1. Report, by residue number, each residue of region 299-311 that is open to solvent by 80 Å² or more (accessible area, probe 1.4 Å) and over 12 Å from Gly259 (Cβ atoms).
2. Within region 205-218, is even one residue farther than 22 Å from Thr192 by Cα and aliphatic (A, V, I, L, M)?
3. Could you list, in sequence order, the residues of region 232-255 that are closer than 16 Å to Gln191 by Cα, touching a Gly at 6+ places or on another chain (Cβ under 8 Å) and open to solvent by less than 60 Å² (accessible area, probe 1.4 Å)?
4. Please pick out the residue among Asp72, Asp89 that is among the acidic types (Asp, Glu) and either in contact with a Gly (Cβ under 9 Å, 6 or more places away or on another chain) or free of Cβ contacts under 8 Å to residues at least 40 places away in the same chain (or both).
5. Step by step: first the residues of region 271-282, then only those that are over 12 Å from Thr249 (Cβ atoms) and without any contact (Cβ under 8 Å) to a residue 60 or more places away in the chain, then the one that is most open to solvent (accessible area, probe 1.4 Å). Which residue is that?
6. Looking only at strands (runs of 3 or more DSSP E) that fall completely inside region 497-574, which ones have 1 or more residues that are open to solvent by 50 Å² or more (accessible area, probe 1.4 Å) and at pLDDT below 80?
7. Write out, first by first residue and then by second, each pair whose Cβ atoms fall under 9 Å of each other, whose residues are 6+ apart or on separate chains, and whose first residue, in region 311-333, is of a type in the set (Ser, Thr, Tyr) while the second is in a loop (DSSP other than H, G, I, E, B).
8. With a cut-off of at least 2 residues that are in contact with a Pro (Cβ under 7 Å, 6 or more places away or on another chain), closer than 30 Å to Thr319 by Cα and not β-branched (Val, Ile, Thr), name the strands (runs of 3 or more DSSP E) lying wholly within region 210-280.
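The values are calculated or read from the model by the stated rules, or taken from the named source; none is laboratory data. What you are looking at is a predicted structure, and each value in this text was computed from that prediction instead of being measured. Because the Cβ atoms are built from the backbone with ideal geometry, glycine has one as well, and the counts that use them run over all protein chains shown. These area figures cover heavy atoms from the full protein model, side chains too; ligands, DNA and RNA do not enter into them. Shrake-Rupley method; radii C 1.70, N 1.55, O 1.52, S 1.80 Å.
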Amino acid sequence: RITILPHGSLRILNATKSDEGRYLCQGVNVFGSAEIIASISVKEPTRIELTPKKIELTVGESIVLSCKALHDSTLDVTFYWTLNGQPIDFEKEGGHFESIKAQASSADLMIRNILLMHAGRYGCRVQTAADTVSDETELLVRGPPGPPGVVIVEEITDTTATLSWSPGADNHSPISLYNLQARSPFSLGWQTVKTVPDLISGDMESAMAVELNPWVEYEFRVVATNKIGTGDPSAPSRVIRTNEAVPKTPPANVSGRSGRRHELVIAWEPVSEEFQSGEGFGYIVAFRPNGTRGWKEKMVTSSDASKFIYRDESVPPLTPFEVKVGVYNNKGDGPFSPIVVICSAEGEPTAAPIDVKATSLSVSEILVAWKHIKESLGRPQGFEVGYWKDMEQEEAAEKVKTQGNESSILLTGLEGNTLYHLTVRAYNAAGYGPPSTAVHAATKKSPPSQAPSNIMWIQDGSHVSLGWEPVRPLANESDVMGYKVLFRQEGQSNSQVIETQKTSAVVLLPDVGVYIIEVCAVSEGGDGTASPQIRVPSFSGGKVTSAQSTLHVLSTSSSSVTLLLALMVPSTSW
């Protein structure tokens, strides 16, 4: 059990407590001797227990691995965790791993929300100053299947495609079934397709996609499912196009539309490219007068067409027709839509409006009113008013429309003091009716451009007496019909108005404060230019007089000033 090795070392096997003590090693030769003393302490061996020993879990579950150490009480222990022989980095594992040390002689490893990548050999290593021991346990993680292998399109017809694939990883839960999905330029992402067989079991590696649309580009992919769930899809197959076929989908919502007299307008919803089934797609429009036998057919070669107009001068307005619309392509003729009855156009209005009147309202507005003769055919959907200046041609007329049965319209934004000519005509979807006889109206002259001048005022408490010189309009301006006095408290936006036909007025200022007062002339062309603002303080008692300095009141004649003062202040000491 105890051996001196050739190089002088001492080996002790199966050490026990009795081997503890001080050991002396002495070396001797002809020149002398040397020695060294070593002290040996014998400790209890460290043993560990890692539980559980073998674990099978499902993706998303959690587990706690417990590592307990039996060791010499005089030694400290340190725990280390490994996965497949590599130390676990708790900072970089996204919160899935947590080391928990509840006692000095044990440590736990918490694994939360387990993923497939967490499967493997978990090791617990315990190290003391005297020895190092370790143990391992196996963690198996069950999850949804991995993506199947490459999808190969083996055979194509006009409505089917035969596919094959290789199975992916089952992730410790047998694959129970496969699902085929397809994508085309017309689908909203990937869609499950019908297959033969209807259910594709987990041991199959091929199936046929059916009920596809002819002449459409498709991609396919396969998804596997087991008891745990559905896995990620395979990579898409190459893009393939199904074969051409005779179209099977007729147009929808065949109906009539408004048109001109003697026209039959047939409309429909175009067939989507997804259902055209091949090249050379077009429409066959068939129609016949209601109650007759033979169909008249017309070809429409544009796949995007949504309307066909048949014109025949012999067709009276609102004649009923039976109509159907079919489809065709290079492979042949497809089905027709159900027969519907539609009528030929009633035509545009035939009567002009009567009693047209134009009334000038202001410098920029003319009111136009009219009456319309009711018609059994060519019923109007509204009216159009054309207007142009006296020196212009009718072809340059501006136009404005009304809707429905309105019988008047207010034209705005016109030039002042200008003669306008006006006509009215009815319209509908088929076109325009004849215009009325032209009527005439002149806009009002512009309001006076001169503002009231030489404004003077005198205040008696809350009453302000105002006076000003009359406004004399220019030759091309409207005559003065009166005046407006506008006043508002400073800081307010809305003004109060006093109207008068005189060149004076008395204003009551109801509240204490500063008031802004303006005066302007009134004419049939509108309000004239306002005078410069004057600011008047309102308070009780006392008398204040003032003349607006910029108007040079003192330069006016004494007679006119005296007259003004007499009007404003019958008995006042200046």
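1. Met299, Thr301, Asp304 - these are the residues of region 299-311 that are open to solvent by 80 Å² or more (accessible area, probe 1.4 Å) and over 12 Å from Gly259 (Cβ atoms).
2. no
3. The answer is Ser234, and nothing else.
4. Asp89
5. That would be Gly280.
6. Here the list reads 543-547.
7. From region 311-333, the pairs are Ser314/His262; Thr319/Asn290; Thr319/Ser344; Tyr328/Val246; Tyr328/Pro247; Tyr328/Gly280; Tyr328/Phe281.
8. Ranges flagged: 263-269.
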